[in-house]
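Presented below is the structure to which this report refers.
Throughout, read-outs are computed from the coordinates displayed, never taken from laboratory work. If you're wondering where the values come from, they're calculated on a predicted model, not measured in any experiment. Here Cβ is always computed from backbone atoms with ideal geometry, including for glycine, and neighbour counts include all displayed protein chains.
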Amino acid sequence: QVQLVESGGGLVQAGGSLRLSCAASGSIFSINAMGWYRQAPGKQRELVATHTGGGSTSYTDSVKGRFTISRDNAKNTVYLQMNSLKPDDTAVYYCYARLTPWGRRYWGQGTQVTVSS
């Protein structure tokens with residue numbers, strides 16, 4: 001089993017910044033991909049950013065240039081630096097981890113990010 005614990009959410013004004021963290025623990029030999037989804041009220045869960053086992057990163061178009069995903073493999077931790085936040089970024093942010101490229105996703109409990117205008 002893999003447990004993911006997120007931190008760093010909160011309330012921020014538009015234009016501000018937040019940094020989310022997600023630490024994985026449990027029966028882990030190695031982690032392939034880690035990343036972040038978000039879900040706003042009344043909307044489907046959306047993939048925000050991914051950091052693959054090979055070190056490549058990808059982002060949804062709406063956050064490119066504003067969000068940066070990074071990873072500390074020694075700590076099994078993934079981060080999401082969010083700059084120039086907009087009210088549309090308001091959502092519950094969930095981190096995930098996959099132990100293999102084809103394996104199931106493990107999920108964190110979610111952390112609320114609220115951006116006021």
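Points to keep in mind about this one:
- Per DSSP, loop trypsin sites (Lys or Arg not before Pro) in region 1-60 with at most 14 further Cβ within 10 Å: Lys43, Arg45
- Solvent-free Debye scattering, log10 I(q)/I(0), computed from the Cα coordinates of the chain at q = 0.11, 0.12, 0.16 Å⁻¹: -0.32, -0.38, -0.68
- Ignoring lysines fewer than eight residues from Lys64 along the same chain, the ones with Cα atoms less than 24 angstrom from its Cα are Lys43, Lys86.
- Once C-alpha pairs closer than 8 Å and six or more residues apart are averaged by separation and normalised to the residue number of region 63-117, the relative contact order reads 30 percent.
- Between Arg105 and Arg66, the modelled label-to-label distance comes to 2.1 nm, taking each label 7 Å out from Cα in the direction of the beta carbon.
- 19 Å reach of a label modelled at Ser56, 7 Å along Cα-to-Cβ, counting backbone N of region 18-40: 31-36
- Cut-off under 5 Å, modelled amide H: who pairs with Gly53 long-range: Ala33
- In this simple spin-label model, placing a label point 7 Å from the Cα along the Cα-to-Cβ direction at both Gln112 and Asp88 gives a separation of 2.3 nm.
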